[in-house]
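Let me begin by presenting the structure, written as structure tokens, before commenting on it.
The values are calculated or read from the model by the stated rules, or taken from the named source; none is laboratory data. Just so it is clear, the structure is predicted and the values come from calculations on it, not from any experiment. Note that each Cβ is placed from the backbone with ideal geometry, even for glycine, and that neighbours are counted across all protein chains shown.
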Amino acid sequence: MENESLDYYRARARNEREAAAGASCDEARHAHEVMADAYARLVELAELEDRGEVAPGKVTSLAETLHQRERTEYGGHAPKHG
């Protein structure tokens with residue numbers, strides 16, 4: 001990931017944390033906290049890839065595999081037979 005993208009995601013995480021601190025209700029606070037955590041994870045993943053601790057694309061390929069697995073019969077989302 002390019003540095004500009006990392007800087008953007010860091011800024012978004014910071015902005016979401018600030019929004020959570022100033023949220024007017026619990027639901028809004030929670031939503032901003034979840035988004036801040038998601039942006040922070042994107043930064044962390046990119047940093048791990050940059051350091052060679054995680055192969056590029058590994059996490060997204062694992063997530064896609066799990067997502068496809070959910071659609072199978074044993075994953076519980078396929079139509080029941082019989």
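Just checking, does the range 3-13 include any residue being surrounded by 14 or more Cβ atoms within 10 Å (Cβ to Cβ), of a type in the set (D, E, K, R) and at pLDDT 85 or above?
If we filter the range 3-13 for residues that are surrounded by 14 or more Cβ atoms within 10 Å (Cβ to Cβ), which is where we start, we get 6, 8-10, 12-13.
With the extra rule that they be of a type in the set (D, E, K, R), the set shrinks to 10, 12.
So of that shortlist, the ones also at pLDDT 85 or above come out as 10, 12.
Yes, because at least one residue in the range 3-13 is surrounded by 14 or more Cβ atoms within 10 Å (Cβ to Cβ), of a type in the set (D, E, K, R) and at pLDDT 85 or above.
Cβ-Cβ distances below 7 Å connect the following pairs, each with a first residue in the range 1-14 that is part of a helix (DSSP H, G or I), a second residue that is at pLDDT 85 or above and of a type in the set (Val, Ile, Thr), and a separation of six or more residues or different chains: Leu6/Val43; Tyr9/Val43; Arg10/Val43; Ala13/Val43.
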